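What follows is calculated from the coordinates using simple rules that are stated; it is not laboratory data. Keep in mind it's a predicted model, so treat the numbers as computed, not measured. Every residue, glycine as well, gets a Cβ built from its backbone with ideal geometry; the counts of neighbours run over all protein chains shown.
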Amino acid sequence: MPRLRRREQKALKVNTDLKLMPLMNIIIALIPMLLLSAVFLEVKVIETSLPRDADASAAAAAPAEPPLDLAVFVRGGLYVIQGQGVDPIVIARRPGASAPDSAAVEQLVRALRAVTSRHPGTTEVRIVAESRTRYQEVIALMDAARAAGLVEAALEGAASEGV
Amino acid sequence: MRRRKPGNTRIMERYTSDGGLTLTSMMDILTTLLFFVLKSYVTGGEVTVPPPGVTLPRSNARADMHTSVVVAIDRDGIMLGTERVATVREALAGGDLLIAPLAQRLAEARAQMDDLDRMKGKAKTASRLATIQGDTEIEFRLLQRVMYTLDRSGFPDIALAVLKKA
């Protein structure tokens, strides 16, 4: 009799393990699909504009002090930082290079920081590039300006092609 | 009469698995991976892929991309969306900074946007955002002309698309 009961118990034993295989199948199908459509290179943006008419804004605001009008010029083998009441700062540039080297970028950031520390609240800068300046170099200059706290960078063409 | 099994055999039977895979640890890995991939979708802004032939410059900019008109500039020409509207030679020809074919297509795009806004009952927007996806090697004079054309065509807010530096 006790032997019979043990047999019945064996026959009625229910497998309580979770059935993970269907879930596994879904996840294994889902992961490659998501990975294939994922974007690993993040695209960001730099907001910019063309320089506005200085006379119009000056007339509207009528500031007590003349505006700083800070600008970074790209000129042949040089970067020149100029502004109202700021002694021009000259930094060497590799002519024809598609982007400034790290030493030049560091010098630019340091020089621009020195200007912004003397003129707190300054956030605007003009990047005045030559017609043949490469886009990567323009972006690198905007990065340097932003690192120095000049978050509003406007792009401008040098001399004859000025907008 | 049943013969009694030796002691060590009984112990072996107790500890031997039934041959099934242990899936719990694999499930843990896959679930973590799934959350990681889903998170990368949630945190990103507007997802965009630069057109073939355009290598975006690298920058430490942090601002996310917003829905806007996209003008792509590669070494051969200028594209509005997926349509090529002008070649580099055409864009740089003449003394005028305005690129006529691009301006024409932008005017059409703007008119379409205004129509859509009207249908949705939104007020007319004075200025609109445009994103430039430029190749690293394009010259500034070309970028400048595209920016000038965008500004004159009612897109004064310009965003330059870049790849985030690692």
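Per-structure values
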item	result
Vicinal HN-Hα couplings computed from phi for segment A:113-128 (Karplus, 6.51 cos²θ - 1.76 cosθ + 1.60; Hz; Gly/Pro x)	5, 4, 5, 5, 5, 7, 10, x, x, 6, 10, 9, 8, 9, 9, 9
Inter-part distance where segment B:48-127 and segment B:137-166 are each reduced to a Cα centre, Å	9 Å
Charge sum, other residues only, whose C-beta stays under 15 Å from A:M24's C-beta, Lys/Arg counted +1 and Asp/Glu -1	-1
Net +/- balance of residues flanking A:I89 in space, Cβ distance below 14 Å, scoring K and R +1, D and E -1	+3
Neighbour-count order for B:F35, A:F73, B:F155, fewest beta carbons within 10 angstrom listed first	B:F35, A:F73, B:F155
Euclidean distance between Cα centres, segment A:120-159 to segment A:79-119, Å	10 Å
Nonlocal amide H pairs with B:T131, under 5 Å, H built at 1.01 Å	B:V69, B:V70, B:V71, B:A159
For segment A:97-109, Karplus couplings with θ = phi - 60° (6.51, -1.76, 1.60), whole Hz, Gly/Pro x	6, 7, 8, x, 6, 5, 5, 5, 4, 4, 5, 4, 4
Pairs of Cα atoms farther than 17 Å apart, segment B:51-166, %	55 percent
